[in-house]
1. Enter the accessible area per residue of the chain (Å², integer; probe 1.4 Å; all protein chains in place).
2. Beyond 19 Å between alpha-carbons counts as too far, so tell me which of LYS44/LYS319; LYS291/LYS351; LYS397/LYS422; LYS220/LYS382 fall in that bin.
3. Grab the beta carbon distance between ASN69 and GLN406, set R0 = 41 Å, and tell me the FRET efficiency rounded to 0.05.
4. Quantify, in whole percent, the carbon and sulfur part of the accessible surface of the chain (1.4 Å probe; protein heavy atoms only).
5. What number comes out for the charge environment of TYR240, summing +1 per Lys or Arg and -1 per Asp or Glu over other residues with Cβ under 14 Å away?
6. By a straight-distance test (C-alpha under 12 Å), which aspartates and glutamates pair with LYS415 as possible cross-link partners, with residues fewer than eight away in the same chain excluded?
7. Given contacts defined as C-alpha pairs under 8 Å and at least six residues apart, what's the relative contact order of the chain, whole-number percent?
8. Once you list every other residue whose beta carbon is under 14 Å from the beta carbon of GLU223, what net charge do they have if Lys and Arg are +1 and Asp and Glu are -1?
Amino acid sequence: MSQKLLNVFSKKFAAAAMVGSLVVSGALAGCSSDSGSSSKEGQKTITVWGMGEEAKTLPKIADEFEKENPEIDVKVQAIPWDQAHDKLLTAVASKKGPDVVQMGTTWIPEFASANALLDLTEHTEKYPELGADNFFEGSIETTKYDDKVVGVPWYVDTRVLFYRTDLLEEAGYKEAPKTWEELQDAAKKLADRGEDKYGISIDTNEQSLSFMLARQNGSKLIEGNQAFFNEPEFVEAVEYLNGFFKDGSAPVDLGLDIVQAFRGDGILPMFISGPWMVKLINDQAPELESKWATAVLPAKETNTSTLGGSNLSVFQHTKNKEEALKFLAYMSKPETQVKWLEMTNSLPANKEAWNDDQLQHNEYYKVFGEQLENAQPMPVIKPFEKIAQDFLSRFEKIYRGGADIQSEMDDFDKKSEEILTK
């Protein structure tokens, strides 16, 4: 899930608690659970809610599904991300939602706890495409709630290191840094190239970054209602991240677009980001061809990355369950996920799809496949967004104001446990 989406989710989070008591505001236009049967005898129509850019391309893949399943029509309804959460809340309350819905991975706990999503567990025998073994382990974690499986991974993203190969080689690195220490050393050497040059970009709005580094350092983050944010593993990760600002390797408030700063003299020759950056660099900085690469993240105890993306779920109150499940099964097939990759550049969640030549022979995307073998989602719990936003405000006090890290993390840990026990 993108940072933008997570920000939207944050704003809507308060409303989420109202799932169980929301006043029904009326049926939604185009909801198929109320109008699943078509005029042709035996013909069914299912409605699929897609969000954002994905919704623009979904009709193309739906056409392919209809060719194989002529008895089913697919009606795609595009929902802007900033309206999707409220639409889903209304759908849950009215029991008149779509048959199939795209779910951001962090939305699963909220809507699963409201019993809005069909448990797929008993349907994997009939539709083996939905089986957990088909997908990356981290992706499957995002589809679970309590003892239920309420979604199937659709596409995934994870974070890797982007770096300028030419500038790193000049700094003495013929390969990407492989450890925390090497990354710190390379960033400092690159920053020492001269005034207004830096080693790495640290996105202070990227809420998963510190949690990801803490996991690499052995932190358990959260277990049940207990937080581990003031333990050495987490505190050391925050100190490590803050170290890039303290020694001048990373700028604060540079105000430059990352591709702009990556090209040319490479003001920012390294950064950590997701697969969408591959196309942006290729499109906006074609002169950099053969001068940049992607690499799996440098390691401490591990090099675990974060995992995001979107899932597909069946609305609990659908009147077209079999047709909806058939659509999910089709979307989960390796060949379908490769088609989706060609249409949207979205990375497949299905592991077998990664054997396709387009991914195996693409030096940039191949790295993402390697990293996905070691990537985990942020804790799949309802209050995580609130906890993450609290961390970002505290980290700002640290890197911008020099606040004491241990003291801030003591307070953060205490506040987090208060949130977890509510």
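1. Values: 18270 Å² over 422 residues.
Computed with neighbouring chains in place, this is 43 Å² per residue.
2. Checking Cα-Cα distances, LYS291/LYS351; LYS397/LYS422 exceed 19 Å.
3. The calculated FRET efficiency here is 0.10.
4. Carbon plus sulfur share of accessible area: 45 percent.
5. Neighbourhood net charge equals -4.
6. The reachable aspartates and glutamates, counting only those whose Cα sits under 12 Å from LYS415, are ASP390.
7. Answer for the chain is 24 percent.
8. Numbers: positive: ARG215, LYS220; negative: GLU231, GLU233, ASP413, GLU417.
After counting each charged neighbour, the total is -2.
The values are calculated or read from the model by the stated rules, or taken from the named source; none is laboratory data. Since the model is a prediction, treat every value here as computed from it, not as a measurement. We place every Cβ from the backbone using ideal geometry, glycine too, and count neighbours over all the protein chains shown. Just so you know, the surface numbers come from the protein's heavy atoms only, side chains and all, with ligands and any DNA or RNA stripped out. Shrake-Rupley method; radii C 1.70, N 1.55, O 1.52, S 1.80 Å.
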